[in-house]
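These notes are about the structure you will find just below.
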């Protein structure tokens, strides 16, 4: 999927919502008896028209045991080709090894993209940029408390690490294969981020359970292709613990989609 | 396994060799018909008395398809409890998620340790330090070319990132649960690293195929508990492409063990 195709879908749905499929069987409604695939299918059916992307985090599927990756693959197959899919795996290793991770995410699982940790530098990221139509989504500024530990320090007396990661990485790929993870808990930071990478798409976690502010993210972060995929996981998946979980998930996704439609109208009145 | 127990095994075997089980079916001897578990068992049988640790990289098992993690689990079971096992996975996510990765590595797979990427900071690392007898091995200075991109820059006018990672992380765990990855391609750097973390164990990749220098690493990196696990993967696994692959692997491991025994005698004459 290209950047332009992704923007077309955002316009068509008036939504840049990504639903995070971070499924914990202990939080699923009791009547499903721990059937993660059934839960995922119900959530997908309930939200399909309201979102443009799905993001399963691989950790939650590893937690299901040795067959977890099979459930993840079945989930991605069920989503199909009309949505942008993100294997949220935060991988990164020496080039020879990153190649295997890329192959697993893009071919074995069939995801459109994978999240990538930048610590090991260029040869750890480049293998994810060698697949036609596939994307690497590189961690820049994350939404957790620990983002304070290393990401904000000035590098050689200049920019903070998260900006240096964006600057360097942007040179390794183009706008149709490279996004950045930018946490939503610091909406005012988005103006700074846009000064570094004005045209890239950002994957924005941290809305909802982590306290992020959707309006602020749109105000400071939207570009002329929208440029945002805003993720919500727990706020949608666990909107109700009962048999009405899918309807509640839909209502929660609908609230976000309504806000997103308003933001598109406000910031991109002629384009979206 | 504690640090002291690990040192006991190093003394008993006169070896601090870690065998990297990064198995690529395309490089295995043809007569094995792609049977990775059979290959691993033969390599383990041929090297068991010469090494103290085994390090399968999870990327190579993902590359085997959806049953790859089962082959990894069977490999770890075959190794048993007499060796220190490392799931080389380079994981790291927000705390809620890292917990699932830790559970998979330590409980589902049964590994003694996992490698961890530090970019997301404290709450991404701490969940790996909450398991009795288990270890987090945090990336500090890696052995690849890309280590130049981010790891060496001065942080807020002070130390380079790889030293800051060591300093910060060392405060989150103790010597019985925390190691660092320090690449062997820059042996002279080990004196600097030891100034920051004199007592920790280091996992040292980059010997052999990546060009690292074992003698230099020992000279600058050994501490009074040895403090080194030196990994070799390709140089052992693919020492011969023929039916004698296991004997050739043993000969390759034996050469390293002989050098390691000499280094222990030279640098720890009374203790090891």
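Only the coordinates and a few stated rules stand behind these numbers; no lab work does. Keep in mind that what you see is a predicted model, and the values were worked out from it rather than measured. Cβ coordinates were reconstructed from backbone atoms using ideal geometry, including for glycine residues, and neighbour counts include every protein chain displayed.
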Across the residues of A:86-95, average count of Cβ atoms on other protein chains within 10 Å? 6
Among B:232, B:15, B:147, determine the one that fluctuates most according to a GNM of chain B built with springs between C-alpha atoms less than 10 Å apart. B:147
Which peptide among A:107-113, A:52-58, A:198-204 comes first, and what is the full order, when sorted by highest mean count of other Cβ atoms within 10 Å? A:52-58, A:198-204, A:107-113
I'm a student and want to see the number: the projected area of the Cα convex hull of segment A:1-49, averaged over all directions, in nm². 4.1 nm²
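Please state the equivalent ellipsoid semi-axes for segment A:3-267: what are the square roots of 5 times the Cα gyration tensor eigenvalues, largest first, in whole Å?
Values: eigenvalues 153, 99, 58 Å².
After diagonalising the Cα gyration tensor, the semi-axes are 28, 22, 17 Å.
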Round to a whole angstrom and tell me the spacing of the C-alpha centers of segment A:155-226 and segment A:101-132. 19 Å
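What FRET efficiency comes out for residue B:255 versus residue A:265 if R0 is 60 angstrom and r is the Cβ-Cβ distance? Round to the nearest 0.05. It would help to have the intermediate numbers written out before the result.
Working: r = 70 Å, r/R0 = 1.16.
Once the sixth-power term is evaluated, E becomes 0.30.
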Mind checking B:178-188 for the average number of partner chain beta-carbons within 10 Å of each residue's beta-carbon? 0
Shortest first and in nm, the label-point separations between residue A:34 and its counterparts in the other identical copies (7 Å out along Cα→Cβ) come to 3.3
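Report the equivalent ellipsoid semi-axes for segment A:214-272 in whole Å, largest first, defined as the square roots of five times the eigenvalues of the gyration tensor built from alpha carbon atoms.
Values: eigenvalues 148, 24, 12 Å².
Those come to 27, 11, 8 Å.
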What whole-number volume per residue, in cubic angstrom, does the convex hull of the C-alpha atoms of segment B:5-108 give? 111 Å³
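When DSSP beta bridges are limited to those with both residues in segment B:28-170, what percentage is antiparallel, rounded to the nearest 5? Could you put the intermediate results ahead of the total?
On the way: 1 of 11 bridges.
Percent antiparallel among DSSP bridges in segment B:28-170 is about 10.
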Label geometry 7 Å along the beta-carbon vector: residue B:224 inter-copy distances in nm: 6.6
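Can you give the Rg/Rh ratio of segment A:129-272, where Rg is from the C-alpha atoms and Rh is the Kirkwood radius? Write down the numbers at each step before the final one.
Numbers: Rg = 16.3 Å, Rh = 16.2 Å.
We get a ratio of 1.00 for segment A:129-272.
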DSSP bridge orientation in the protein assembly as shown - percent antiparallel, rounded to nearest 5: 10 percent
Taking only the alpha carbons of the protein assembly as shown, what extent do you get along each of the three principal axes, in Å, biggest first? 75, 51, 39
Computed over the Cα atoms, what is the radius of gyration of segment A:67-126 divided by 2.2 N^0.38 Å, N being its residue count? 1.16
List the distances, in nm to one decimal, from the label point of residue B:5 to the label points of the same position in every other copy, shortest first, placing each label point 7 Å from Cα along the Cα-to-Cβ direction. 5.2
Let's test the formula: R0 of 60 Å, r as the Cβ-Cβ distance of residue A:224 and residue A:31. What FRET efficiency results, to the nearest 0.05? 0.85
Only helices counted: for chain A, with every DSSP H run of 4 or more residues adding -39500 (n - 2.57) and the sum spread over all residues, [θ] at 222 nm is -11500 deg cm²/dmol
Anyone know which of A:33, A:223, A:174 comes out most mobile in the 10 Å Cα GNM of chain A? A:33
Report the antiparallel proportion of the DSSP beta bridges in chain B as a percent, rounded to a multiple of 5. 5 percent
